[in-house]
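To start, the structure itself, in structure tokens.
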Amino acid sequence: MDLEPITLSGARHVATNMREWDRREIYAGRWADDPERLAVDCTLYGAFGWLALASSTPIAVVGATPVHPGVWNVFMFATDDFRLISISLTKFVARVMIPALVQTGAHRAECKSMEGHVDAHRWLEFLGAEREATHHEYGRGKETFHTYVWRHRNVHRWITPEG
């Protein structure tokens, strides 16, 4: 797996070719099912946004954006080829991204994930996130969502001297 800053063309490729559950989840929380707008929005995330590639093909967009001091929103969506980079991306998030957020002063990182997106829930929990709340009729089509969180006190196990 290679990582690079999010580019419009890379984000466009991932947004256009998203896994079905990622598509359902993301667009349930957006005004329109518009991969171009999603790609443009992803380019605005700055230093905490990455494009994950396999053999020069964009596979996933991952990152975090600040909500207010100390609190960040995390995100990830991928194509059906996610299996090609899943282990490498998981290691990157655990060993680099989460500790980098802590070093910036984050005491909380959170994301919302739609009921039924079992793969996402398992991945978030594997990375140490805890399901904190359920939000009924939260999505555009009244879908139920769950908030998953990492709190500063719970992420210390990811921060190791060897990185």
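The values are calculated or read from the model by the stated rules, or taken from the named source; none is laboratory data. Small disclaimer: the values here were computed from a predicted structure and weren't measured. With ideal geometry, Cβ positions are generated from the backbone for all residues, glycine too; neighbour counts draw on all protein chains shown. The area values use the complete protein model at the heavy-atom level, side chains included, leaving out ligands, DNA and RNA. Shrake-Rupley method; radii C 1.70, N 1.55, O 1.52, S 1.80 Å.
The one condition from (1) modelled with pLDDT of 95 or more; (2) hydroxyl-bearing (S, T, Y); (3) open to solvent by 50 Å² or more (accessible area, probe 1.4 Å) that T43 does not meet is (1). Scanning region 4-19 for residues that are within 14 Å of Y45 (Cβ to Cβ) and not polar (S, T, N, Q) gives E4, P5, I6, L8, G10, A11, V14, A15.
Listed here are the residues, each with its yes/no results for (1) open to solvent by 50 Å² or more (accessible area, probe 1.4 Å); (2) charged (D, E, K, R); (3) modelled with pLDDT of 95 or more.
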position	(1), (2), (3)
T79	no, no, yes
L84	yes, no, yes
L89	no, no, yes
E110	no, yes, yes
R157	yes, yes, no
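Yes/no per residue for (1) more than 25 Å from R122 (Cβ to Cβ); (2) charged (D, E, K, R):
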| residue | (1), (2) |
| --- | --- |
| L8 | yes, no |
| R12 | yes, yes |
| A15 | no, no |
| R23 | no, yes |
| G29 | no, no |
| L53 | no, no |
| P58 | no, no |
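The residues of region 1-16 that are part of a strand (DSSP E or B) and either in contact with an Asp or Glu (Cβ under 6 Å, 6 or more places away or on another chain) or free of Cβ contacts under 8 Å to residues at least 60 places away in the same chain (or both), listed by number, are D2, E4, P5. Condition check for V62 on (1) open to solvent by 50 Å² or more (accessible area, probe 1.4 Å); (2) without any contact (Cβ under 8 Å) to a residue 40 or more places away in the chain; (3) in a strand (DSSP E or B): one failure, at (1).
Checking the stated criteria, E132 turns out not to satisfy the condition of being under 21 Å from F48 (Cα atoms), in contact with a strand residue (DSSP E or B) (Cβ under 7 Å, 6 or more places away or on another chain) and either at pLDDT 95 or above or among the basic types (K, R) (or both).
So, in region 10-40, exactly how many residues are touching a Pro at 6+ places or on another chain (Cβ under 8 Å) and either surrounded by fewer than 19 Cβ atoms within 10 Å (Cβ to Cβ) or more than 22 Å from I87 (Cβ to Cβ) (or both)?
4
Can you confirm whether region 131-138 contains a residue that is open to solvent by 70 Å² or more (accessible area, probe 1.4 Å) and either assigned to a strand (DSSP E or B) or of a type in the set (G, A, S) (or both)? Yes: one or more hits.
One residue stands out among those in region 91-108 that are within 15 Å of G63 (Cβ to Cβ) and not in a helix (DSSP H, G or I): the one that is most open to solvent (accessible area, probe 1.4 Å), which is T104.
Does P69 satisfy the condition of being in contact (Cβ under 8 Å) with a residue 40 or more places away in the chain and over 14 Å from the mean Cα position of the chain (by Cα)?
no
Flag: D22 does not match the condition of being in a loop (DSSP other than H, G, I, E, B) and acidic (D, E). Kindly provide the set of residues from region 97-117 that are without any contact (Cβ under 8 Å) to a residue 40 or more places away in the chain and β-branched (V, I, T), ordered by number. Residue satisfying the conditions is T104 alone.
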